[in-house]
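The values are calculated or read from the model by the stated rules, or taken from the named source; none is laboratory data. These numbers come from a predicted model, not from an experiment. Here the Cβ positions follow ideal geometry from the backbone for every residue, glycine too, while neighbour counts run over all protein chains shown.
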Amino acid sequence: MFTFLLLAVYRIGAHIPTPGIRGEELSKYLHQAASGLMGFFDMFSGGALSRVTIFALGIMPYITASIVLQLLTVVIPRLQALAKEGESGRKKITEYTRYGTVLIAAFQSFWISVGLEKMGDGAFVESAGWAFRILTMITLTAGTTFIMWLGEQITERGIGNGISLIIFAGIVAGFPSAVMNTIELVRVGEIPYFMLLVILILVVVVIGAIIIMERGQRKIPIQYAQRMVGRKIYKGQSTHLPLKINSAGVIPPIFASSILLFPATIAGFAEVPWVKAFADQLAPGKVLYTTVYVAMIIFFTFFYTAIVFNPVDIADNLKKYGGFIPGIRPGKKTSDYLYRVLTRITLGGSLYLAAVCVLPDIFYRFFNVPFYFGGTSLLIVIGVALDTVSQIESHLIQRHYGGFLKGASVKGRR
């Protein structure tokens with residue numbers, strides 16, 4: 001209930017207009033112009049960008065700041081030391097991420113305010129000038145900061161990952177309008193009935209493929225030798241180490257989208273010719289966009305997997321507790337074997353993510369289908385849903401019913 005309540009607060013805020021803007025006229029204009037990458041961004045913000053509400057920037061500045069901090073952690077020794085300090089270090093890195101979010105949101109909101117003043121020769125703002133720019137910066141930055149706080153509260157006191165659920169809610173909120181738009185396109189004859197049937201079949205196939213791949217694992221057999229603790233002899237046992245095909249989950253497409261959407265936010269409101277031309281080349285369906293997007297997804301898949309899974313640590317722990325992989329010597333041989341297997345399955349996982357995420361380009365370019373039916377949105381929605389259900393089931397297994405299942409009797413899946 002706490003999670004639903006905060007998501008409801010987020011959706012209410014997505015309809016509160018930014019002060020000093022003629023919202024109705026601007027919304028009509030942006031809805032007509034919201035195509036390409038800017039339309040993609042509007043999907044992630046739940047329509048808040050095209051309405052220029054207080055949540056117009058969405059959660060993307062926070063994700064961008066998180067990417068920057070994680071990349072800097074690899075190259076800056078001070079951040080590496082903080083990452084190894086446990087809970088206290090994690091809190092400090094989170095604090096730096098919050099500061100970075102405010103700076104990125106302020107930068108984006110400033111250029112949005114400048115673009116709004118120039119758009120339509122100032123017809124969409126009540127009074128241009130620095131007062132309007134500062135007010136817009138404060139409003140949009142505060143909106144993003146509030147969304148960040150909502151996400152952290154959901155993570156700490158609710159169910160699931162708060163930031164992912166906020167993105168999930170923004171995408172799902174656009175499903176009804178996307179369905180109605182598709183029906184209208186079919187009615188006027190822009191999409192044939194046969195093509196609609198093909199699209200529905202493809203959507204079902206993509207959903208099934210995503211579920212199979214997200215659940216797919218490579219099980220590494222582990223054997224524990226017989227050992228004696230005190231006077232007791234513990235018999236050796238066999239188990240396995242599960243390596244997910246996609247250990248990074250929905251993080252790579254979200255990270256890649258965040259980086260691509262950062263310049264698009266500014267370019268979408270700018271009237272500078274070369275900036276508009278560059279933004280057009282980074283629009284979905286263009287060769288440059290597809291190439292950069294796929295490359296970023298593959299990079300972030302390997303990068304995030306390397307962060308969450310360290311073969312050397314796994315090999316050391318196995319050796320410490322008397323475990324080994326049959327046919328592989330403990331220590332460095334084991335870590336090399338795990339690294340080799342992980343690299344192969346991560347390559348397959350990254351190619352699967354890239355293939356699913358470029359489907360919107362094909363649908364939009366050739367069939368004029370809204371982005372909501374594309375691979376990126378389906379991947380995020382299904383991935384977040386599976387992760388949330390898994391967390392709920394883990395609570396059920398541990399019998400942590402307090403706070404969300406008082407007096408209820410719910411059985412987890414077998």
For the range 212-234, give me the residue count where each residue is modelled with pLDDT under 80 and surrounded by 11 or more Cβ atoms within 10 Å (Cβ to Cβ). 4
Being part of a helix (DSSP H, G or I) and either modelled with pLDDT under 80 or over 23 Å from A385 (Cα atoms) (or both): is that true of G170 here? no
crowded, with 18+ Cβ neighbours inside 10 Å, part of a helix (DSSP H, G or I) and within 21 Å of the chain's Cα centre (by Cα) - does that describe any residue in the range 120-140? yes
Checked the range 95-144 for anything among the polar types (S, T, N, Q) and in contact with a helix residue (DSSP H, G or I) (Cβ under 8 Å, 6 or more places away or on another chain); matches are T97, T101, Q108, S109, S113, T136, T139, T141, T144
What are the residue pairs meeting all of these: first residue in the range 319-332, first residue assigned by TED's automatic domain parsing to the domain that holds R218 and of a type outside the set (S, T, Y), second residue at pLDDT below 85 and in a helix (DSSP H, G or I), Cβ atoms under 7 Å, and 6 or more apart or on different chains? F324/L318; P330/L318; P330/K319; G331/K319
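Look through N181, N161 and report the one residue that is more than 22 Å from S258 (Cβ to Cβ) and either touching a residue at least 60 places away in the same chain (Cβ under 8 Å) or in the same structural domain as I392 (by TED's automatic domain parsing) (or both).
Numbers: N161 fails: more than 22 Å from S258 (Cβ to Cβ).
Answer to the selection: N181.
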Any idea which of L338, L318, L353 is hydrophobic (A, V, I, L, M, F, W, C), modelled with pLDDT under 85 and buried (at least 18 other Cβ atoms within 10 Å of the Cβ)? L318
Need the failing condition index for Y99 against (1) touching a residue at least 60 places away in the same chain (Cβ under 8 Å); (2) surrounded by fewer than 16 Cβ atoms within 10 Å (Cβ to Cβ), just the number. (1)
Take L116 and decide whether it is in contact with a strand residue (DSSP E or B) (Cβ under 9 Å, 6 or more places away or on another chain) and either aliphatic (A, V, I, L, M) or not assigned by TED's automatic domain parsing to the domain that holds P253 (or both). yes
